[in-house]
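Here is the structure we will look at.
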Amino acid sequence: MSGFTIRAMQPGDRLEVAELICLSTNTWYQAHGRGTIFAGGPTTTELHFDVYHALEGSSGIAAVDERTGRIIGSCFLHVRPTHVSLGIMNVHPNHFGRGVAGALLRHIVQVADGLGRPVRLVSSAMNLDSFSLYTRAGFVPRHAYQDMWLKVPSQGLVTEGLDDHRVRDAVAADIPAMAALEMEVSHIRRDGDYRYFIRDEMGIWHVSVVEGKGKRLEGFLVSCTHPGCTMIGPGAMRTEAAAVALLAVELDQHRGRSPVFLLPVESTSLVRQAYDWGARNCEIHFCQVRGEFTPFSGVSMPTFMPETA
């Protein structure tokens, strides 16, 4: 590290970190011929600091320039029972090339190694700089996802003939079954996340579950309606049919909006249904893991915030 230090984020960093996330992310996408991701400005990216400092086991780290005292890099980490997740990482455009991202990554890897747990993240297939950063550090791409977006009509989707009658709102009593299901499908566990989503103190989260025979839980899916994260996920389902039913219900929570969601590339009937509703592709992402990984045994739908890998 040359001329900067890594430290834990502090409450007073909230607005500066939000500015950094907004600037860094928008700059990268604009430089690569894309529109701004955070068109609403840094008020929308304050959400990242708020969520990662409210979720059980989550926190943030910052790279601080020794000359100016300004934050030039940030990253969030989430210590979960089965693994450590690496959340959104940003470096100020004026400080590219100083090794900031590598230093932040090494810090999180050291935390995970100290706990004896793998590190997981979701990385863009478009951003080859970050892809190279992670693969050089020992991360392996394990799963590919189609990023899709859909303009949901103000009157809702037409879902005639869809078997979504078994879908209902999740309640706190569902958390043990949700945790067991995700262990079965994705081989990770994060009970604290489920409690946070279902409690929904910010009024931006919605969680649905789908039941099978004997009211056995067949899947769950979360969505967020905040302008800084208009996204569907995370979710885990035993079958694509359960995923379709849940996706339809969560899309209906976004009437008049255009949520993004990640679908496994091999879930062909789920992807086809999304196309039939009018969804379009916008990017490709990989689940990358440093350490032990067990292949998925169902449908896994991750998100970027909070990172679910």
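The values are calculated or read from the model by the stated rules, or taken from the named source; none is laboratory data. Every value quoted in this text rests on a predicted model; they were computed, and no experiment measured them. Note that each Cβ is placed from the backbone with ideal geometry, even for glycine, and that neighbours are counted across all protein chains shown.
This table checks each residue for (1) under 21 Å from PRO176 (Cβ atoms); (2) of a type in the set (Val, Ile, Thr); (3) assigned by TED's automatic domain parsing to the domain that holds ILE88; (4) under 18 Å from the mean Cα position of the chain (by Cα).
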position	(1), (2), (3), (4)
GLY214	yes, no, no, no
THR225	no, yes, no, yes
MET237	yes, no, no, yes
GLU240	no, no, no, no
ALA245	no, no, no, no
VAL249	no, yes, no, no
GLU266	no, no, no, no
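Within region 66-88, how many residues turn out to be buried (at least 20 other Cβ atoms within 10 Å of the Cβ) and under 17 Å from SER24 (Cβ atoms)?
Matching residues across region 66-88 total 9.
From (1) out of contact with any strand residue (DSSP E or B) (no Cβ under 8 Å at 6 or more places or on another chain); (2) farther than 30 Å from GLY138 by Cβ; (3) at pLDDT 95 or above, pick out the condition that doesn't hold for LYS213.
(3) is the only condition that LYS213 fails.
State all residues of region 1-18 that are buried (at least 20 other Cβ atoms within 10 Å of the Cβ) and closer than 29 Å to ASP147 by Cα; if no residue qualifies, say none.
Correct list: VAL17, ALA18.
Looking at region 126-140, which of its residues are among the polar types (S, T, N, Q) and either loosely packed, with under 15 Cβ neighbours inside 10 Å or within 16 Å of ALA112 (Cα to Cα) (or both)?
Across region 126-140, the qualifying residue is only SER132.
Determine whether region 104-111 contains at least one residue that is in contact with a Cys (Cβ under 8 Å, 6 or more places away or on another chain) and among the β-branched types (Val, Ile, Thr).
There is at least one residue in region 104-111 that is in contact with a Cys (Cβ under 8 Å, 6 or more places away or on another chain) and among the β-branched types (Val, Ile, Thr).
Return the only residue of VAL260, VAL249, VAL299, VAL265 being in contact with a helix residue (DSSP H, G or I) (Cβ under 6 Å, 6 or more places away or on another chain) and not charged (D, E, K, R).
VAL299
What's the total number of residues in region 1-51 that are polar (S, T, N, Q) and within 20 Å of THR230 (Cβ to Cβ)?
Residues flagged as polar (S, T, N, Q) and within 20 Å of THR230 (Cβ to Cβ) within region 1-51 amount to 8.
How do the pairs read when you match residues in region 256-267 that are part of a loop (DSSP other than H, G, I, E, B) with residues anywhere that are of a type in the set (Phe, Trp, Tyr) and surrounded by fewer than 22 Cβ atoms within 10 Å (Cβ to Cβ), using Cβ under 9 Å and keeping only pairs 6 or more apart or on different chains?
These pairs meet every condition: SER258/TRP149; PRO259/TRP149.
Where residues in region 198-221 are of a type in the set (Val, Ile, Thr) and not in a loop (DSSP other than H, G, I, E, B), which of them is surrounded by the most Cβ atoms within 10 Å (Cβ to Cβ)?
VAL210
Here is a check on your reading of the model: is LEU104 in a strand (DSSP E or B), over 24 Å from HIS254 (Cβ atoms) and of a type in the set (A, V, I, L, M)?
No; evaluated as a whole, the condition is false for this residue.
Of the residues that sit in region 223-272 and are of a type in the set (Gly, Ala, Ser), out of contact with any Leu (no Cβ under 7 Å at 6 or more places or on another chain) and buried (at least 17 other Cβ atoms within 10 Å of the Cβ), which one is farthest from ALA170 (Cα to Cα)?
Restricting to residues being of a type in the set (Gly, Ala, Ser), out of contact with any Leu (no Cβ under 7 Å at 6 or more places or on another chain) and buried (at least 17 other Cβ atoms within 10 Å of the Cβ), the top hit is SER267.
Look through ALA173, ALA112 and report the one residue that is more than 30 Å from ARG34 (Cα to Cα), in the same structural domain as GLU240 (by TED's automatic domain parsing), among the aliphatic types (A, V, I, L, M) and at pLDDT 95 or above.
After ruling out the rest, the residue left standing is ALA173.
Could you tell me how many of the residues in region 49-65 are of a type in the set (Asp, Glu) and part of a loop (DSSP other than H, G, I, E, B)?
Looking only at that region, the number is 1.
Can you pull out every residue in region 4-48 that is at pLDDT below 95 and assigned to a loop (DSSP other than H, G, I, E, B)?
HIS32, GLY33, ARG34, GLY35, THR36, ILE37, PHE38, ALA39, GLY40, GLY41
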